[in-house]
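K.L.:
My questions will all concern the structure given below.
The numbers here are math on the coordinates, done by the rules we state, and not lab data. Keep in mind that what you see is a predicted model, and the values were worked out from it rather than measured. Ideal geometry is used to build each Cβ from the backbone, glycine not excepted, and the neighbour counts take in all protein chains shown.
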Amino acid sequence: DQQVKQNSPSLSVQEGRISILNCDYTNSMFDYFLWYKKYPAEGPTFLISISSIKDKNEDGRFTVFLNKSAKHLSLHIVPSQPGDSAVYFCAAERNNDMRFGAGTRLTVKP
Amino acid sequence: DAGITQSPRHKVTETGTPVTLRCHQTENHRYMYWYRQDPGHGLRLIHYSYGVKDTDKGEVSDGYSVSRSKTEDFLLTLESATSSQTSVYFCAIKETGGTYNEQFFGPGTRLTVL
């Protein structure tokens, strides 16, 4: 029962352009959504989050959008940089139960 | 840096042997978590703790037990390891009290069960 899905296993963008990573969820009871970035052989690193009562949160080059009616979450990175190349996981939480998507591998080409 | 360490970082063991993984934190956080990461599944919660001696099951708890006798240490035990438990295990802590209650992860332990 995968409650959080990232349907694109990989994404490739040119440096300086926008990267858009998408995530869908099925449980409308989730109240907190997060994005993590992961490099090989390291633990996931927290990137940005959003509460279910909001529809947008911005932090520098990173913006997360939440569409509750569509149960859809997206992460925008602009401008993309080669150092952004990593695996990105979206996650959704309720009452200490955090569910992760399978991840999207982002490659930013110079 | 949330001050999380995991030990060992790598372990190879044989089917049927007991294995204990340790997560240590230095900042007195109340909540600690154990996840496993497998290809195609992202991270899945095994167990979590909300205080000393207070633990609860996660999504994939079968075959695992945990203990937390001190605030700083959260142990994950595989009583009798199986090949299906070959995975990368991550510990996490939750910082509370701020605007957002995000979890911060340790560096991971790669476990191979032969």
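K.L.:
Roughly what would the spin-label model give for A:Arg105 and B:Glu95, points 7 Å off Cα along C-beta, in nm?
P.N.:
3.1 nm
K.L.:
For chain B, what does the alpha-carbon gyration tensor say about shape, rounded, prolate or oblate, given a ≥ b ≥ c as the root eigenvalues, a/c under 1.5 as rounded, and a/b over b/c as prolate?
P.N.:
Note, shape of chain B comes out prolate.
K.L.:
Something else: Would you calculate the separation in nanometres between label points at A:Asn57 and A:Ser12, each defined as 7 Å from the Cα along the Cα-to-beta-carbon direction?
P.N.:
3.2 nm
K.L.:
Please give the peptides A:81-90, A:7-16, B:101-110 ranked by average Cβ packing (other Cβ atoms within 10 Å per residue), highest first, as a rough proxy for protection.
P.N.:
B:101-110, A:81-90, A:7-16
K.L.:
How far apart, in nm, are the 7 Å Cα→Cβ label points at A:Asp1 and B:Ser7?
P.N.:
It is 3.9 nm.
K.L.:
Let me ask something else about it. Could you tell me how many cubic angstrom of Cα convex hull volume chain A has per residue?
P.N.:
Value for chain A: 98 Å³ per residue.
K.L.:
Calculate the translational D of the protein assembly as shown in whole µm² s⁻¹ from Stokes-Einstein, where the hydrodynamic radius comes from the Kirkwood formula applied to all Cα pairs, the temperature is 25 °C and the viscosity 0.890 mPa s.
P.N.:
137 µm²/s
K.L.:
Once the piece of chain linking B:Arg30 and B:Arg110 is laid out straight, how much longer is it, given 0.36 nm per residue of separation minus the C-alpha distance between them?
P.N.:
Contour length minus Cα-Cα distance gives 26.3 nm.
K.L.:
Largest first and in whole Å, give the semi-axes of region B:1-56's equivalent ellipsoid, each being the square root of 5 times a Cα gyration tensor eigenvalue.
P.N.:
22, 15, 14
K.L.:
Shifting gears a bit: Using a Cα-Cα cut-off of under 30 Å, which lysines could be cross-linked to A:Lys68, ignoring same-chain neighbours fewer than 8 residues away?
P.N.:
Partners within reach: A:Lys5, A:Lys37, A:Lys38, A:Lys54, A:Lys56, B:Lys57, B:Lys94.
K.L.:
Shifting gears a bit: What aspartates and glutamates does B:Lys70 reach when the alpha-carbon gap must be under 13 Å and sequence neighbours fewer than 8 apart in one chain are set aside?
P.N.:
B:Glu27, B:Asp54
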